[in-house]
Amino acid sequence: MKPHGASSVSRDALFVGGILFVCGVICAISVYLFLLSGAPVLYESPYRIGVGAFMVFFVPGLLWGEVLGFRARHVMEAIALSAAVSFMIAFAFVPVCLALHAKIDLWASCVLGASVVALCLNLRALAKGHRRFGFINGLRGAASQPAYLLYSQIGIVTLIAAISFGAYRWGEVFLDIFEKEKLYHALFVRYYYGMPLDVLKLGVIRDIPVPNFVHFWEFLLAGWSKLAGTDPLPVFFRARAVIPFLGFSGAYLLIRHIVRSRFKREFVFWIVFLLAAGFFIQYSPSYFDLLKSDPTQGAFCFIGVNHHSVTAVEVLLCLGMGLFLLCLKQPNGRNYLLVASFLGVALMWHVREFFHLGILALVLSAVLIVYPLRTRRGSLKNAAIGISAFILVAVMYLVSSKALMPPAETAGHEQLVKTTALAYAFSRENILAIRNFFNFPTMYLLFGFANLEPEIGVGGMNRVSEINYFAPLIVAALGMPLIVRWGKSEDRRL
């Protein structure tokens with residue numbers, strides 16, 4: 001009779017072997033679709049789109065996450081970290097392609113090559129029995145978890161898969177392609193799919209690059225299309241199907257690093273899931289009332305439409321703060337590299353989320369000041385390490401943009417608007433006065449920014465702005481230091 005430990009190891013090896021086999025099959029299919037199947041298909045193929053999605057958002061990160069020594073104790077944590085590592089890998093090959101002015105075929109080849117290398121390393125480790133595979137095994141939860149956690153994870157994955165299926169069927173409204181925004185983003189996907197990746201030739205106006213070099217979400221869609229062996233248009237219309245898994249897993253990762261108890265963590269996540277799936281944020285009165293004109297929008301509920309600003313909110317914010325907290329608790333080189341790469345992704349995806357993550361990190365660091373003395377010094381040191389990643393990415397961006405970007409007055413209307421907004425945000429009266437916390441121009445509220453003209457200037461923004469008080473948010477913000485200082489351990493974490 002075999003010992004219990006040997007039986008457990010055998011089950012782990014079988015599970016890991018099965019996952020590696022599936023990853024190998026997906027890699028092989030993607031190689032065939034990308035390199036051997038001939039011209040890209042011009043019709044919608046769900047299985048091709050699915051294979052491409054796994055190769056962009058999941059397989060590279062899962063395999064390299066194991067090689068790099070990440071650990072997961074919940075299926076949603078494993079999915080979130082796999083997505084984050086996949087973003088890191090995708091981001092790492094973008095500068096190479098831009099420097100060589102290569103086509104996106106080189107990027108797709110690099111992603112495939114990296115996945116195959118990681119697959120071979122994992123197979124070698126599995127054959128020799130040198131690794132416990134604590135990351136891949138996270139796809140089935142912790143080894144000693146209660147039965148209710150196993151059933152909860154099965155239910156979560158099943159429901160999110162159903163939501164993803166619904167999002168795939170919803171897709172995008174076809175006639176919207178003729179609207180300016182949809183056409184604008186579809187053109188960028190087409191540019192990245194077929195043109196050499198020269199930033200001076202990929203803008204709307206020749207020799208004037210976009211401010212963030214490439215639109216990273218649209219770039220991923222183009223790479224996704226290459227790895228699926230399909231024309232980018234079907235992928236563009238069905239891409240929102242991946243948002244539920246990316247968004248909800250990021251939300252779980254954030255909850256994972258706030259709530260210590262496994263039961264409370266699972267309970268809080270289910271509440272978040274029900275609020276999002278029920279479109280709670282869109283209940284009136286809400287700034288999102290406009291979304292109700294299209295019942296399939298699902299924006300800001302992890303079911304959003306395929307627009308890089310909406311996907312940035314749903315994918316980057318929760319996942320980014322979860323990674324920041326991971327780095328705060330475990331400040332090592334691996335986690336620092338992951339956070340810095342993710343911030344580069346956020347900057348290229350949608351710059352607003354980069355600043356949003358920076359503000360959240362600074363607020364968290366400020367709250368740490370009132371921590372008890374025993375833990376304050378170490379917490380602030382770790383927070384400083386995390387915030388240095390923001391500074392590093394910002395400096396690298398400024399140096400690169402200084403060499404490539406034209407003066408603001410020739411860079412197009414959108415950059416002028418953003419330049420004016422930054423000048424307003426950093427004006428002396430807004431930094432030093434109390435209005436900095438309680439005021440923002442009414443025209444900059446959601447769906448109101450279209451009325452802004454750059455010529456209005458900072459002075460004009462001050463004249464037309466109104467003070468908007470959000471009493472619940474202010475009370476909650478003022479209560480945070482009190483909870484951190486005098487609350488119980490679980491309260492401080494929350």
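Values quoted throughout were computed directly from the atomic coordinates according to the rules given, and no laboratory measurement underlies them. All figures in this text were calculated on a predicted structure; none of them were measured in a lab. Positions of Cβ are backbone-derived with ideal geometry, glycine not excepted, and every protein chain shown enters the neighbour counts.
List of remarks:
- Amide hydrogen neighbours beyond the local backbone of Thr230, cut-off 5 Å, H modeled: Val41
- At R0 = 45 Å, FRET efficiency that the Cβ-Cβ distance of Ile369 and Tyr32 yields, to 0.05: 0.20
- Backbone HN-Hα couplings from phi across segment 182-189 [Karplus 6.51/-1.76/1.60, Hz, Gly and Pro as x]: 5, 4, 4, 6, 5, 5, 5, 4
- FRET efficiency for Leu200 and Asp105, using Cβ-Cβ distance with R0 set to 25 Å, rounded to 0.05: 0.80
- Under 5 Å between amide hydrogens, built in the peptide plane, is the criterion, and for Ile208 it picks out Gly203 among residues at least 5 positions away or on other chains.
- The 3J(HN,Hα) values that the Karplus relation (6.51, -1.76, 1.60; θ = phi - 60°) gives for segment 39-53 are, in residue order, 5, x, 6, 9, 10, 7, 10, x, 6, 5, 4, x, 4, x, 5 Hz. Gly and Pro appear as x.
- Rough spin-label spacing in nm, given labels placed 7 Å along Cα→Cβ, for Ser261 and Phe355: 4.0
- Karplus 3J(HN,Hα) series, Hz, for segment 246-253 with 6.51 cos²θ - 1.76 cosθ + 1.60 (x for Gly, Pro): 5, x, 5, 5, x, 4, 5, 4
- Cβ crowding within 10 Å averaged over residues, with 81-92, 221-232, 252-263, 389-400 ranked highest first: 221-232, 81-92, 252-263, 389-400
- Measuring between alpha carbons in the structure, the pairs from Lys201/Lys402; Lys329/Lys402; Lys128/Lys226; Lys226/Lys402 lying more than 29 angstrom apart are Lys329/Lys402; Lys128/Lys226; Lys226/Lys402.
- Charge sum, other residues only, whose C-beta stays under 9 Å from Gly171's C-beta, Lys/Arg counted +1 and Asp/Glu -1: +2
- Cα centroids of segment 189-204 and segment 140-166: 40 Å apart.
- Cβ-defined net charge surrounding Met76, 11 Å radius [Lys, Arg +1; Asp, Glu -1]: +1
- Length added when fully stretched, Leu183-Trp270, from 0.36 nm per residue minus Cα-Cα: 27.6 nm
- A protection proxy built from the mean count of other Cβ atoms within 10 Å ranks the segments 331-342, 154-165, most packed first, as 331-342, 154-165.
- Neighbours of Cys327 by Cβ distance under 13 Å: Lys/Arg scored +1, Asp/Glu scored -1, total +3.
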